[in-house]
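Just below is one structure, and these are the notes that go with it.
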Amino acid sequence: MRLFLRFLTLVVRLSTARSQSYPHCGEAEDDILEEHALNTQLLQVSHALHRGPISGDFWDLKAILTDSPPGTFLSRMGVLVQAVSLTYNTSRPLDNTTSTSSHGEGFSVDGVKWERLREFDRDPTPGGVFARVFVDRGSKAGLVVFKGICTNPHLEQCQIDQCYLIRIQNYGLLSPIVARLGGFSPEACAQHQQHLDYAAQANQFIRQVQTALPDYQLLLTGHSLGGMLAIVTAAQQPHLLKALTFAPTPFNVVMKQELNFSQEQIRALPVNELVATCDPYDCGINALYAQQARAGSETCLYLHTEEPAPCQGLVLPYGSTSWREQVSNSPNSTNITAAIPELLCKGSAHRWRRYVDVVLRKNSQGRPANLPVCSTDFSILETALQAAR
């Protein structure tokens, strides 16, 4: 046991050391090998504690997304929705547009109490990766939530978020222009470079959580930027961590430039354990602007919902076999004037409070009104990969 505790201490030290000197694009080969060794050590810890790779656990994503048995989708997604809402509502700047039934200490779903572990609250100054951790002690299930961006151009925290989005090209070639339309100055990003190692911050954080909660089955989630951080963090520990997210920011640039993943490594990822759930316009428009937007993951679309007014009249992403051809031949991905209608649509479809309603709405039988349809084909614009299940 003493050796085990020494090893956990070593893991924390290694993780902290990497976060303090996180390399930029093109890191040296020995750093990559060190990261691989750390992944291997964590997997060995998992095996020693009889956790093993994910199999039939509390967070069975296939069961959740297919509502099998009935009630699974609303029960598990209810937990995620409450946790994401509480994360928005308890971190600066406060977002009280979505109410929760708690006072910040946690929440209950189907009579099960989910406790907020305040010792893991991550609220960096002046900005960076914000996160919360919730646990169900009875089932030994844990949920790690990464917060999405803030959008006030007058707050330094929000400026840092926006600079990171520009760096990872969330709107492809139009990213700096879209930021400017939101009131941000891309030129100001030069003073925030030391805070833009978001993937490294998230990776260090999850390793600290794993070390402290070795017998918990963890799921990573988040909305927007938070969803992206959940997926790229889980992707660094395939078959050990999973992510189920809401409208994640495109992450192909992050995987290639920050994680140094090759195309072969991205193709080898367990896509059914790295999942984006989305409004079709929200994530379809992402795929138009950001090449290979969510490659390496599965995208599940809420197809049976009323779309916001700015989206009505636009061609429905994934709604026809000609959709890709139509948008591929449009100038929107490089012409900001032509892109305005789609950007207005996406802004309306992307709001978190809308996802709360879309995800949890019930039909007359009390079943999910918007059970998503899943496929890797929905993750990118460029080519079809497989049929929807």
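Observations, loosely collected:
- Ordered by the count of other Cβ atoms within 10 Å of each Cβ, fewest first, 187, 342 give 187, 342.
- Rough spin-label spacing in nm, given labels placed 7 Å along Cα→Cβ, for residue 272 and residue 193: 4.4
- FRET efficiency, residue 75 to residue 177 (Cβ-Cβ, R0 45 Å, nearest 0.05): 0.60
- With 0.36 nm allotted per residue and the present C-alpha distance subtracted, the residue 303-residue 139 stretch has 55.8 nm of extension available.
- Compared with the direct C-alpha span, the chain from residue 112 to residue 360 gains 87.6 nm at full extension, assuming 0.36 nm per residue.
- Excluding same-chain neighbours fewer than eight residues apart, the lysines reachable from residue 242 by a Cα-Cα span under 19 Å are 62, 140, 147.
- Counting every other Cβ atom within 10 Å of each residue's Cβ, 346, 362 order from fewest to most as 362, 346.
- Residue 68-residue 335 pseudo-label distance in nm [points 7 Å out on the Cα-to-Cβ vector]: 4.6
- Gained length - residue 325 relative to residue 185, 0.36 nm times residue gap less alpha-carbon distance: 47.0 nm
- Convex hull of the stretch 225-269 built on C-alpha atoms - directionally averaged projected area, nm²: 2.9
- Computed over the stretch 179-300: relative contact order in percent, which uses C-alpha pairs under 8 Å that are six or more apart: 20
- Paramagnetic label reach from residue 89 (point 7 Å along Cα→Cβ; backbone nitrogen cut-off under 18 Å): within the stretch 334-368, residues 351-361.
- Centroid-to-centroid separation of the stretch 337-374 and the stretch 242-309 [C-alpha atoms, Å]: 16
Values in this text are rule-based calculations from the coordinates and carry no lab data. Quick caveat, the model's predicted, so the values are computed rather than measured. Heads up, the Cβs are rebuilt from the backbone with ideal geometry, glycines too, and the neighbour counts pull from every protein chain shown.
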